[in-house]
Amino acid sequence: MRNPKRHSLFCFLLLGYAIHAILAADYIPADDILLNCGANGQLTDDDGRQWTSDVGSKFLVPGASSIASDATIQKPSVPTVPYMTARIFRSAFTYSFPVAPGRKFVRLYFYPAVYANNLNVSKGVFSVVSGSYTLLKNFSAYETTNNLNFDYISKEYSINVDSGSVNLTFTPDPGTPDSYAFVNGIEIVSHPDIYSSNGNAMIVGTGTSFNINNDTVLENVYRLNVGGQAISPSGDTGLFRSWNGDTPYIFGAATGVSVATDSNITISYPSGMPDYVAPVDVYKTARSMGPNLEINAGYNLSWYFDVDTGFSYLVRLHFCEVAPYITKINQRVFEIFINNQTAETEADVIAWATKSDVPVIKDYVVFLALGAPRQDLWLALHPNTATKPQYLDAILNGVEIFKINTSDGNLAGTLPSPAPVQPIIDPNRGLPRKSSKSNKSGVIGGGVGGGIAAVLIVGLLVCFLTRKSKQRKDPSSSDGPSGWLPLSLYGNSHSSGSTAKTNTTGSYASSLPSNLCRHFSLADWAQHCHKKGILDQIIDPFLKGKISPECFKKVAETAVKCVADQGIERPSMGDVLWNLEFALQLQESAEESGSKGLSDLEAGVYDEVPLKGKADGGDYDGNVTDSRSTGMSMSIGGRSLASEDSDGLTPSAVFSQIMNPKGR
């Protein structure tokens, strides 16, 4: 005879397992349309998805003319599907997609190339309208990709459909002679209403909520897997979103460190949060500030995003506490700043989620007033010291940024800002033309000389001068420092009165071989002095007596490594910044202990700190331990500076503040 209690328990467990399996499954969209414009037959893209041709398609509205064409050139980075074919319009043309009511992702794909009849690629200027909403206006895929240094581009919108169809009308710009419109691919995918605010999206700086409802159209402008790798559409949760890495958007050299969960850790989505909000991979990786609490207290972990002005933006932040040592409230508490305004003063992921490995999303809305056509939207995290948490640190797993339509239904913005153009420096200017051999030497001397001079002089001066005026501020309040220090190789920019004349009549000039007095490479000469152990003789007089020998030695060694003959021997920029940070700590430690400056080297007082190369490569036998290659920590004058492998270094704010990633 069967036990009814055991039978009921078994059914209950089976039902619970079935519910869990259903909730853990990817979202299955009611509408999933992939239209390969201008193509023939069905084709499969690199992600394994099937695209249907629009030739003779029911989605084409009758009565309008268009041309199907192949792209004449395929750049190496451009996928074949859907970018190698296009449909071209000389007049207004409409696609109509019958769909079920509800939210849809509308994705448009563009590859600006030469198509039928040798159309001028720069004349592809057009607008795209869906119902009463303007998605694109006077849009040029050619100029957009050029400015972004992309080969192709896609646009993604979230549109609510009340009626039974999504209509997309492409119209060439009437103000551009011989203009045309084109599109390579169109994707329509249903998605659950996961971006509606329900009063939970707070307007940053006001304390009031923003309502995202069925009348709101969103344009996704950024979607990042912070601290992790890019996630392709097939790796998403059935919504076929693309998640990019966050590295290109981090401000300055203080990039923090990437962290990840153990492979056996399970991410548990909380009750009321569907697991298709973001894929598990987003929550299994994160970026934190790093293990050094002293450094963390002095800088912001920041990202910047180029966006259109005159719009409001929904900023969705994804959090999941994945560090095994963070399990309680007030262990890691931080502040969140969005566009130089405080969004959160006490962000504590454990307090929000109640435990680790549980995802949390936070929505914020920020308005960027009209001014310049485009500007940077800043996101910055900083440890909260007021609550006295156990760790001075911050964490972030993912970011999504959406442009919100204006009251008149507009989402069209301006062209992205052009990428900075690096000036082309001709190293042959001013160099004598004696022979091909001589020219080659001049090129190397001129090109590398600037590098050694920059590292050597900037390093030495920064180590001394920035100690006097460290500034801790939110990087979003400025576009970086106003300019570099007015440095000079010969000291003529210093207020101390040293000039090029005084330098060239001092020890520097007297040490120069006669055959180098007219044209010489500073890099070669610095290496020569380093090998001879007389590098201190060519230092700027302004720094003598002020720089400690240990600091000078560390900067000199770094500079010499930067001009090593073999590329594999040269340090990465992260290593250079780390060494300069170490040199700064050495300088501060020497000053606190009352050590004398570099001028005493000339009297042989600091023989234990030679300025030669590898022959004297012993470690300084004092209260300084350089564990650069061991992953340990170093102690300098009572302080500690954490170290790890070169790929995970976190330079301090002193050097992150002089790094402007946008160029000058």
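No lab work stands behind these numbers, since they all come straight from the coordinates. Note that the structure is predicted; figures quoted are calculated from it, not measured. Because the Cβ atoms are built from the backbone with ideal geometry, glycine has one as well, and the counts that use them run over all protein chains shown.
Here are some notes:
- Net length available on complete extension from residue 306 to residue 114 is 66.3 nm, with 0.36 nm assigned per residue and the Cα-Cα distance removed.
- Considering only 57, 167, 153, and ranking their Cα positions along the charge dipole of the stretch 32-190 that arises from unit charges at the beta-carbon of Lys, Arg, Asp and Glu, the one farthest toward the positive end is 167.
- Computed about the Cα centre, the dipole magnitude for the stretch 201-404 is approximately 120 debye when only Lys and Arg (+1) and Asp and Glu (-1) carry charge, each at its Cβ.
- Among 359, 325, 340 - extreme Cα towards positive end, dipole of the stretch 269-408, charges at beta-carbon: 325
- Inter-centroid distance (Cα atoms) of the stretch 306-377 relative to the stretch 107-170, Å: 31
- Cβ-based exposure ranking for 54, 178, 32, in which fewest neighbours within 10 Å come first: 178, 32, 54
- Here the average projected area of the convex hull drawn through the C-alpha atoms of the stretch 32-190 stands at 9.0 nm².
- For peptides 248-257, 199-208, 263-272, 400-409, sequence by mean Cβ density within 10 Å, most packed first: 248-257, 400-409, 199-208, 263-272
- As a proxy for reagent exposure, ranking 553, 544 by other Cβ atoms within 10 Å from fewest up yields 544, 553.
- If you sort the three axes of the alpha carbon gyration tensor as a ≥ b ≥ c, you get a/c of 1.5 or more for the stretch 231-374 and a/b no higher than b/c, which makes it oblate.
- Taking each residue as 0.36 nm, the span from residue 593 to residue 49 lengthens on full extension beyond its C-alpha to C-alpha distance by 189.2 nm.
- Here the 3J(HN,Hα) profile of the stretch 278-289, calculated from phi with Karplus coefficients 6.51, -1.76 and 1.60 at θ = phi - 60°, is 7, x, 4, 4, 5, 7, 7, 10, 7, 10, 10, 7 Hz, Gly and Pro shown as x.
- For the stretch 32-190, the Cβ-based charge dipole about the Cα centre amounts to some 260 debye (Lys, Arg positive; Asp, Glu negative; other atoms uncharged).
- Derived scalar couplings ³J(HN,Hα) [the stretch 213-226; Karplus, 6.51 cos²θ - 1.76 cosθ + 1.60; whole Hz; x for Gly, Pro]: 10, 5, 8, 8, 10, 10, 10, 6, 10, 8, 8, 10, 8, 6
- Residues whose placed amide H lies under 5 Å from that of residue 134, excluding near-sequence neighbours: 410, 411
- Close amide-amide hydrogen proximity is noted between residue 273 and no other residue 5 or more places distant or on a separate chain, at a cut-off under 5 Å (H modeled in the peptide plane; Pro and chain starts excluded).
- Remark on residue 221: its backbone amide H falls under 5 Å from those of 401, 402, 403, a criterion applied only to residues 5 or more positions apart or on other chains, H modelled at 1.01 Å from N.
- Three-way shape label, the stretch 43-122, alpha-carbon gyration tensor, a/c 1.5: oblate
- Here 166, 221 are placed in order of increasing Cβ neighbour count within 10 Å, fewest first, which gives 221, 166.
- Filter on 104/362; 75/362; 75/155; 284/388; 155/284; 75/104 - keep pairs with C-alpha separation over 29 Å: 75/362; 75/104
- The 3J(HN,Hα) values that the Karplus relation (6.51, -1.76, 1.60; θ = phi - 60°) gives for the stretch 549-563 are, in residue order, x, 5, 4, 4, 4, 5, 5, 5, 4, 4, 5, 5, 5, 5, 10 Hz. Gly and Pro appear as x.
- Three-way shape label, the stretch 74-117, alpha-carbon gyration tensor, a/c 1.5: oblate
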